[in-house]
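Inspection log for the structure reproduced underneath, given as structure tokens.
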Amino acid sequence: MRKSLSILLFLALAFMACEKDEVIPPAIEKPSSETPEPEPEPEPEPEPEPGWVDPLHEKEIPAGFRIPTVHITAEAPIESKSEWVNARFKFSDPSAFYSDKASLEVGGRIKGRGNTTWGMPKKPYRIKLDEDVKVFGRWSNKDWILLANYSDKTLLRNIMAMEVSRICEMSWTPNMLSVEVYLNEEYLGVYTFSDHKEVAVHRVNIDVADANSLEGGYYLEIEEAMDEPVCFNTVWGTPVMFHEPELPTEAQQKYVKDWLDGFEKALEKVQGSNNRDYRAYIDIPSFINYYIIQEIAKNPDGNVRKSTYLTKEKGKPLEMYHVWDFDITLGNCNYTNFEKPDGWQMRYVKWYNQLFFDPDFKEAVKDRWNLLLPALRKVPDFLDRQHVLMDGAENRNFERWPILGVKVWPNYYYFPTYQEEYDFLKRFYMERLDWLDHKINQEDFN
């Protein structure tokens, strides 16, 4: 009997051991034919090959260089910022300077764009092509912009500002170059051809939050026009719009608003205390770079009320991702002393007024300024190069638009010749750098 019990006990233990060690593979469900697997995302385009020479900065300008042109054949008048018009586009680079193609033709659509600028005689436009293509050597995309620069009689302030952005190493700097534009064979003048500001690889390169995600990512704009579908005001009254996602859920709206409100409330505690809680809310290096760009430009549209672009990515703080809109900067504005190269522009505006109560932030701005200054002093050389690349087209522009020596909003100065407009811009920029360098390197930075 005892032997039988021993045998039974041995068999039971052996069975339990085998049961414990057994590995059962997980069930593999067969995909339903109604829900096909998602297509893999396209791989990003590679970086330029070794030996590639940047045409805006380094590529040798050939003898007989000719400025690129954009010929637009529209099926109807372009009269709206909301209604697209079907069109054909011919992008010509006669010297094959920006790309290896002298000409590219593609279909697409066109409409107006801009706020104040849309009301001016020389209209800005937005282009959407039928397919992703490389235009003038840029990364493949469908979306492009033509900036008119009607108030900027140098036609170069936006391009110049993007060079300052590149030096300051913003996460994205829109590519811009000068072109001549024809609409249904009518000459429209010199435009700045530019990337469209949007979420895309090689542009605002973030993962946009889906409906099930709260933390990110978001592409936001501070803009007092508040002309996007979803907008809100922060606790300080800062006007914020959602670009992406265009239609966030209520929970997502609350998440972003709470983050910005938390930042502004934390800023209120900086003055007169050691509270630095605001640092958890923002990417400080990007806020410093943004400050330097806007302070140099003395930009009335960049003081955290208009044309200010932020991202909030998952696991990251708010970032000043890129800059935009510089046609009335650098002395080209007739209100609130914007016409003078001295005086603070950003030092005391919303957000930055409080940030400068933090001595560490102030010192970081000073350090960053002194690191960037040698490159910033070379910007007039870059501007001279852009003038050469305009290929004399400025003369044809002002034959089409005879406004030299004529006051155009919001000009403070208006000179009778293009050369005087151009010389004023370079002089203002250098005087502005000198004034800022003196003030920033004072011990109290006042």
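Yes/no per residue for (1) under 24 Å from Ile296 (Cα atoms); (2) open to solvent by 50 Å² or more (accessible area, probe 1.4 Å):
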| residue | (1), (2) |
| --- | --- |
| Asp381 | yes, yes |
| Arg385 | yes, no |
| Glu399 | no, yes |
| Val406 | no, yes |
| Asn411 | yes, no |
| Tyr414 | yes, yes |
> Out of Ser140, Ser151, which single residue is over 30 Å from Leu371 (Cα atoms), surrounded by fewer than 19 Cβ atoms within 10 Å (Cβ to Cβ) and either over 15 Å from the mean Cα position of the chain (by Cα) or aliphatic (A, V, I, L, M) (or both)?
Replying inline: Ser140
> Where in region 182-293 are there strands (runs of 3 or more DSSP E), lying wholly inside it, with at least 2 residues that are farther than 30 Å from Ala76 by Cβ and free of Cβ contacts under 8 Å to residues at least 40 places away in the same chain?
Replying inline: 231-233, 239-244
> If you go through region 161-188, how many residues are in contact with an Asp or Glu (Cβ under 7 Å, 6 or more places away or on another chain) and either open to solvent by less than 10 Å² (accessible area, probe 1.4 Å) or charged (D, E, K, R) (or both)?
Replying inline: 1
> What residue, among those in region 257-285 that are of a type in the set (Gly, Ala, Ser) and out of contact with any helix residue (DSSP H, G or I) (no Cβ under 7 Å at 6 or more places or on another chain), is farthest from Gly315 (Cα to Cα)?
Replying inline: Gly272
> Taking region 387-397 on its own, how many of its residues are open to solvent by less than 20 Å² (accessible area, probe 1.4 Å) and either of a type in the set (D, E, K, R) or in a helix (DSSP H, G or I) (or both)?
Replying inline: 4
> In region 304-315, is there at least one residue being part of a loop (DSSP other than H, G, I, E, B), open to solvent by less than 20 Å² (accessible area, probe 1.4 Å) and touching a residue at least 12 places away in the same chain (Cβ under 8 Å)?
Replying inline: yes
>> Checking Arg396 against (1) touching a Leu at 6+ places or on another chain (Cβ under 9 Å); (2) among the basic types (Lys, Arg); (3) over 15 Å from Glu58 (Cα atoms): exactly one of these is not met. Which one?
In response: (1)
> Out of (1) surrounded by 22 or more Cβ atoms within 10 Å (Cβ to Cβ); (2) over 29 Å from Arg377 (Cβ atoms); (3) among the acidic types (Asp, Glu), what's the single condition that is false for Glu246?
Replying inline: (1)
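The values are calculated or read from the model by the stated rules, or taken from the named source; none is laboratory data. None of the values given here were measured: they were computed from a predicted structure. Every residue, glycine among them, receives a Cβ derived from its backbone with ideal geometry; neighbour counts consider all protein chains shown. Calculation scope for accessible area: heavy atoms of the full protein, side chains included, ligands and nucleic acids excluded. Shrake-Rupley method; radii C 1.70, N 1.55, O 1.52, S 1.80 Å.
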